[in-house]
Amino acid sequence: MNTTILKNEEKVLFGLRNLFGSYGYSRFKMSKFEEYELYVRNKDFLVSDSVITFTDTNGRLMALKPDVTLSIVKNTKETDGVQRLYYDENVYRVSDKTHAYKEILQAGLECIGDLDEYNLCEVLLLAAKSLELISDDCALNISHLGVTSALLERPELRPIRRELMTCIGEKNSHGIASLCAKRSVDTEITQKLQLLTETYGPADEVLPKLAAAFTDETAQSALAELKTVTAFLEQVGSVRVWVDFSLVSNMNYYNGLVFRGFVKGVPTGVLSGGQYDNLMKRMHKNARAIGFAVYLDLLERMTEEKEFDVDVLLTYTDATPIQTVLDKAAELTEQGNRVSVQKRIPEKLTYGRLMELK
Amino acid sequence: MCEWINVALPKGRLGEKVYKMFAAAGFECPEVLDDTRKLIFENEPKKLRYFWVKPSDVAIYVERGAADVGVAGKDILLEYQPEIFELLDLNIGKCRMAVAAKKGFRDNPERTLRVATKFPRIAGEYYSKQGRDIDIIKLNGSIELAPILGLSDVIVDIVETGTTLLENNLEPTETVVPISARLIANRASFQFKYNEIQTLVNGMKQQLEESK
């Protein structure tokens, strides 16, 4: 198959389907609509605050799906073992900044059930391989909310928890210092929080520093899990895997490992994922879950611009026999050229070369 | 340095001050301070590219990756909440976001407070924390005029010395948040140009410590 005509995001999508399928993930096809109520109950889980809604013919308030994970979780049946699902769907969001409606192509997977360390490693491996499909120059950052959440649960930090999480996410160490100073938080705790913003690098460099500072049981077991996963990923892939504790996600939904992938040339993360056992609990599902999404719409800009609209502009006159035109056009396309057949040279068409049939 | 670093500087006096800090950290590009109509300045051997932009646009250039790093006021960051890393408080361009009103203004809590501002999000969040019902009037300049002409009861704006307020018979009544210039970085650039950005951060940090 000639794949040169495919746009970058389409090529990646085919690659992802193949990759997810090869690890036993089955495709989850869903409707574009969902009852709005699902999002009202889990508003904070959504990336954007606004949901595009409409009333259906029965008077129910419906939404154009802004997210796929919630729908997958809602439809999960409790079964033994592990369910592996993937999707590639358009989701619909309202831009917080411009208030414009946006259609976003997303592909991703969810691994739900009685998960163990193997499952976590498998999903992270697939995240790394997904990034490799997009670009050779990519980076996967991993964090573990177990370390962060234990610290933020401290009573003196609870009133400023939200602000602290924003600061950690922005690597804003001076912001943490100022918030903590206002509340007279203990220096040792302030330093621990600041350490989280500064923790960025290869696991073998970063994890020992954290292990020395975070000695409580929850943090130690989180760091041990992180160590296992990063060690595994370093063996198998070519993606640069670094630990980055500025990755924070809403802890009402997420827990455990969270990760984000970047590729060179795209200004924001193209892959985002994590463990969301807390969401499962909130939705009364007795299972653990981990998944990620790849934002395919961001890859549009990575497609190389073609120099011309067509490679060959083939012109003919009223005197040219039609068969001659058809034969020439066929010959040129078989050689792999993009051909435009015209009687007159169109004003705005750009072309590599001109071929005139008399 | 092996990767080109694009830097967005805020036009004006603050930008010039900031550039000097960049230069002292080893990120110099002397042309930047020339009085020319050029928009982009490059230091080819050091792979540095500087450009001047409107101060309120710096965060957009950085968030969208046109600039890897830049310097923006905390007011802009709070108002637009761009997805960037805020790496350092540069401790320059210091001022405060404040509520100001006509001298002798009595705030009647029984009425909706009319607030004129260039910063609707900051003003909205400030009063929402107090549970106060307000009517935000978004203006783009000459905010001080609003209470004088009765367009609003108060204004939420940046106050540096307070001279403009005083000259117009206004006075600051409450501080909303202190403001200063921040070094910001694009989140993806931070991954791929980490060494360069970290060198810059360390160079700037050192200057801040020396000036303490």
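The values are calculated or read from the model by the stated rules, or taken from the named source; none is laboratory data. The structure displayed is predicted, hence computed values, not measured ones. Here the Cβ is made from the backbone with ideal geometry for all residues, glycine too, and neighbour counts use every protein chain on show. Accessible surface areas use protein heavy atoms only, side chains included; no ligands, DNA or RNA. Shrake-Rupley method; radii C 1.70, N 1.55, O 1.52, S 1.80 Å.
For the range B:142-155, a tally of residues being surrounded by 14 or more Cβ atoms within 10 Å (Cβ to Cβ) and within 17 Å of B:R111 (Cβ to Cβ) returns 7.
Reported count of residues in the range A:140-172, each being open to solvent by less than 20 Å² (accessible area, probe 1.4 Å) and part of a helix (DSSP H, G or I), is 11.
Within the range A:307-325, the residues that satisfy the criterion of being charged (D, E, K, R) and exposed (fewer than 12 other Cβ atoms within 10 Å of the Cβ) are A:E307, A:D318.
Taken as a whole, the condition of being within 14 Å of chain B (Cβ to nearest Cβ), of a type in the set (V, I, T) and touching a Pro at 6+ places or on another chain (Cβ under 9 Å) applies to A:V243. Just one of (1) out of contact with any Leu (no Cβ under 7 Å at 6 or more places or on another chain); (2) surrounded by fewer than 20 Cβ atoms within 10 Å (Cβ to Cβ); (3) within 25 Å of B:A25 (Cβ to Cβ) fails for B:F105. It is (3). Across the range B:23-51, the qualifying residues are those that are in contact with a helix residue (DSSP H, G or I) (Cβ under 6 Å, 6 or more places away or on another chain) and part of a strand (DSSP E or B), and the one among them that is surrounded by the fewest Cβ atoms within 10 Å (Cβ to Cβ) is B:F41. Within the range A:201-232, being surrounded by 14 or more Cβ atoms within 10 Å (Cβ to Cβ) and outside any helix (DSSP H, G or I) holds for A:G201, A:F214.
Comparison of B:A116, B:A98, B:A123, B:A66 shows that the only residue that is more than 15 Å from B:L14 (Cα to Cα), open to solvent by 30 Å² or more (accessible area, probe 1.4 Å) and among the small types (G, A, S) is B:A66.
Being of a type in the set (V, I, T) and open to solvent by 70 Å² or more (accessible area, probe 1.4 Å), is that true of even one residue in the range A:186-200? Lay out the reasoning, then the answer.
Initially, the range A:186-200 is screened for residues of a type in the set (V, I, T), giving A:187, A:189-190, A:197, A:199.
Cutting the leftovers down to open to solvent by 70 Å² or more (accessible area, probe 1.4 Å) gives us A:187.
Yes, that holds for at least one residue.
Of the strands (runs of 3 or more DSSP E) that lie entirely inside the range A:33-90, those containing 1 or more residues that are within 24 Å of A:D277 (Cβ to Cβ) span A:33-35.
In the range A:246-282, which residue that is within 14 Å of chain B (Cβ to nearest Cβ) and basic (K, R) is nearest to the chain's Cα centre (by Cα)?
As a first pass, look at the range A:246-282 and keep what is within 14 Å of chain B (Cβ to nearest Cβ): A:246-249, A:259-272.
If we keep only those that are basic (K, R) too, we end up with A:260, A:264.
Numbers: A:R260: 7, A:K264: 15 Å.
Top of the filtered list is A:R260.
Here is a check on your reading of the model: is B:L166 modelled with pLDDT under 95, on the phi < 0 side of the Ramachandran plot and either crowded, with 23+ Cβ neighbours inside 10 Å or away from chain A (no Cβ under 12 Å) (or both)? Yes.
The number of residues in the range B:61-81 being closer than 22 Å to B:E3 by Cβ and either within 11 Å of another protein chain (Cβ to nearest Cβ) or of a type in the set (F, W, Y) (or both) comes to 8.
Being in a strand (DSSP E or B) and in contact (Cβ under 8 Å) with a residue 60 or more places away in the chain narrows it down to one of B:V62, B:V58, B:V71, so name that one. Don't jump to the end; show me each part of the working.
Numbers: B:V62 fails: in a strand (DSSP E or B); B:V58 fails: in a strand (DSSP E or B).
Step by step, each of B:V62, B:V58, B:V71 is checked, and only B:V71 is in a strand (DSSP E or B) and in contact (Cβ under 8 Å) with a residue 60 or more places away in the chain.
Answer yes if at least one residue in the range B:142-149 is over 25 Å from B:L208 (Cα atoms) and touching a helix residue (DSSP H, G or I) at 6+ places or on another chain (Cβ under 9 Å), and no otherwise. Yes, the conditions are met somewhere in the range B:142-149. Does at least one position in the range B:87-102 carry a residue that is of a type in the set (A, V, I, L, M, F, W, C), assigned to a strand (DSSP E or B) and within 14 Å of another protein chain (Cβ to nearest Cβ)? The answer is yes; a qualifying residue exists. Got a number for residues in the range B:169-212 being free of Cβ contacts under 8 Å to residues at least 60 places away in the same chain and crowded, with 16+ Cβ neighbours inside 10 Å? The number of residues fulfilling the criteria is 2. Name the residues in the range B:1-22 that are in contact (Cβ under 8 Å) with a residue 24 or more places away in the chain and assigned to a helix (DSSP H, G or I), would you? B:L14, B:G15, B:K17, B:V18, B:Y19, B:M21, B:F22, listed by residue number.
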